[in-house]
Amino acid sequence: MNTALTPYPIGTPGTPWGDTKRAEWLAAQTRQRSYETEVLSVIEGLRARFDVETYGELTYGTERFALMAFRSRDWRDDLPVVLVTGGVHGYETSGVHGALQFVDQHAADYAGRVNLLVAPCVSPWAYERIHRWNANAIDPNRSFRDDSPAEESAALMRLVAPIRDRVLMHIDLHETTDTDETEFRPALASRDGVPFEPGEIPDGFYVVDDSESPQLEFQQAVIEAVEQVTL
Ligand SMILES: [Zn+2]
């Protein structure tokens, strides 16, 4: 087993973080960009064409973040729902801006065929810090469960609850950054008090299937469609 030669700067090898270490980690995070300028302003510009709603609010210290979603304006209860989420990991910028671009450039193509529900930036505090976790050092993507410890996840689950049986497809946009290997995986190992085991950062586009309900043909079709624009 390989372990990192230089331990993550916060924490004691073999010991999971308590409140003090979490606070130390939080103090080391800096705001690097603006959710308001880069995301909320784009959403405002799309209000004329889509129903925009605030589905929750995060409060961290003195900061507040409105959680925003789009719905098709011609929402029809007899049509299936397609759910698109971005920024569950706030640092994965392409998902946030990809979701916004999709709404702007393509959402209208689906009018009358499906109802679209798009939450472009699920974790705005982390968007601003370019981080994977929320301010409590919790990964929202590992927190989609009842009594969630992450408000980002709990709010999204409340938004989806009334329509979850009608969701035909959910596209959750992620990316794998090089900093996963240099920062976020070491931080995770330190937080949980386990050894860091180096992994690999894959190149290119990939999809993640559901092992309990594999849809290989659909996944293949997505990859073939993406190849047209990435090759
Ligand atoms: Zn992710």
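The values are calculated or read from the model by the stated rules, or taken from the named source; none is laboratory data. Only a predicted model underlies this, so the values are computations on that prediction, with no experimental measurement involved. Please note: Cβ atoms are built from the backbone with ideal geometry, for glycine as well, and neighbour counts cover all protein chains shown. These area figures cover heavy atoms from the full protein model, side chains too; ligands, DNA and RNA do not enter into them. Shrake-Rupley method; radii C 1.70, N 1.55, O 1.52, S 1.80 Å.
A few comments on the model shown:
- Trypsin sites (Lys or Arg not before Pro) restricted to DSSP loop in region 121-156 with at most 11 other C-beta within 10 Å: Arg145
- Relative contact order (percent, whole number), the chain, Cα cutoff 8 Å, 6+ residue spacing: 26 percent
- Cα-Cα pairs of region 105-231 separated by more than 18 Å (percent): 68 percent
- Phi to ³J(HN,Hα) by Karplus 6.51 cos²θ - 1.76 cosθ + 1.60 over region 193-201, Hz, x for Gly, Pro: x, 10, x, 7, 10, x, x, 10, 9
- From phi via Karplus (6.51, -1.76, 1.60), per-residue ³J(HN,Hα) for region 140-151 in Hz, x at Gly/Pro: x, 6, 9, 10, 7, 8, 4, 6, 4, x, 10, 5
- Counting protein heavy atoms only, the chain has 51 percent of its accessible area on carbon and sulfur, 1.4 angstrom probe.
- Gyration tensor verdict on region 1-67 (Cα atoms; rounded if a/c is under 1.5, prolate if a/b is larger than b/c, oblate otherwise): prolate
- Take the chain with all the other protein chains still there, run a 1.4 Å probe, and you get 57 Å² of accessible area per residue.
- From largest to smallest, the equivalent ellipsoid semi-axes obtained for region 51-119 from the alpha-carbon gyration tensor read 25, 15, 9 Å.
- Size descriptors for the chain (Cα atoms only): Rg and Dmax, in that order, 18.8, 58 Å.
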